[in-house]
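The values are calculated or read from the model by the stated rules, or taken from the named source; none is laboratory data. No experiment lies behind these values; they were computed from the predicted model shown. FYI the Cβ positions are ideal-geometry reconstructions off the backbone, even for glycines, and counts take in every protein chain you see. For the accessible areas, the whole protein counts, side chains as well, though only heavy atoms, and no ligand, DNA or RNA atoms are used. Shrake-Rupley method; radii C 1.70, N 1.55, O 1.52, S 1.80 Å.
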Amino acid sequence: RATLAWRMREDLILRASASDGFRAPALIELDPGFGDPGFEPETSTSYDIGIEKRLAGEGFLRATLFHTEIDGQIFFDGNSTDCADAVEFGFPGCFETRDFEASGVELSAGFPINAHLTLNAAYTFTDADSGDTRASRVPRHDALLALAAEITPRLDARFTLQHVTDMEPSVFAPAVNKVGDFTLFHVNTTYA
């Protein structure tokens with residue numbers, strides 16, 4: 001991974017990073033009954049570039065563009081009958097490969113309300129494709145609003161409201177159990 005941070009001015013920071021990686025196939029993915037012994041490791045590259053404006057009192061505004069590519073991503077296709085066990089035992093499903101690509105933007109901000117309370121907000125837009133179709137289980141819009149509180153010098157809490165929309169459901173989920181838009185409320189505490 002290569003990273004760069006350049007403070008263009010005291011209150012303005014430019015950040016960029018690039019990384020690559022790989023994931024070796026799992027043994028079951030190499031099993032000829034369910035997958036392919038010839039699967040190669042997945043390889044990936046990721047890039048991002050962002051700018052941060054520092055505000056008074058530890059506040060900030062950030063904007064980051066990102067892009068990720070995975071070549072030869074191994075996935076389970078529940079409709080495929082291309083492997084030996086799917087044909088022999090009469091149930092569909094095989095591990096296969098396809099390319100994955102995601103690009104988007106993340107906007108975030110943090111504002112200290114006082115010495116003990118901080119308000120944070122973030123929004124991420126992601127456009128992700130797997131093969132020639134839109135990637136499942138990757139939300140297009142993900143927004144959150146959080147309040148971090150120092151309750152005592154040893155006890156902290158964080159209250160987060162997260163709203164996720166426009167997510168392509170998995171083809172394997174039952175029709176009555178498809179994940180649509182949803183909102184979550186998280187409460188986290190830490191005690192030192």
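Details
- Being over 29 Å from Thr43 (Cβ atoms), of a type in the set (Gly, Ala, Ser), assigned to a strand (DSSP E or B) and open to solvent by 30 Å² or more (accessible area, probe 1.4 Å) is a property that does not hold for Ala157.
- Residue ID - modelled with the lowest pLDDT, chosen from residues in region 13-47 that are of a type outside the set (D, E, K, R), open to solvent by 50 Å² or more (accessible area, probe 1.4 Å) and assigned to a strand (DSSP E or B): Phe22
- Residue match in region 72-81 (condition: at pLDDT 90 or above, open to solvent by 40 Å² or more (accessible area, probe 1.4 Å) and within 26 Å of Pro169 (Cα to Cα)): yes
- Any chance Val171 is open to solvent by 80 Å² or more (accessible area, probe 1.4 Å) and not acidic (Asp, Glu): yes
- The one condition from (1) at pLDDT 95 or above; (2) out of contact with any Pro (no Cβ under 6 Å at 6 or more places or on another chain) that Pro174 does not meet is (1).
- In region 48-66, the residues that are open to solvent by 40 Å² or more (accessible area, probe 1.4 Å) and either in contact (Cβ under 8 Å) with a residue 40 or more places away in the chain or in contact with a strand residue (DSSP E or B) (Cβ under 6 Å, 6 or more places away or on another chain) (or both): Asp48, Ile49, Ile51, Lys53, Arg54, Leu55, Gly57, Glu58, Leu61, Arg62, Leu65, Phe66
- Matching option when the condition is within 20 Å of the chain's Cα centre (by Cα) and at pLDDT below 95, among Val105, Val179, Val87, Val164: Val179
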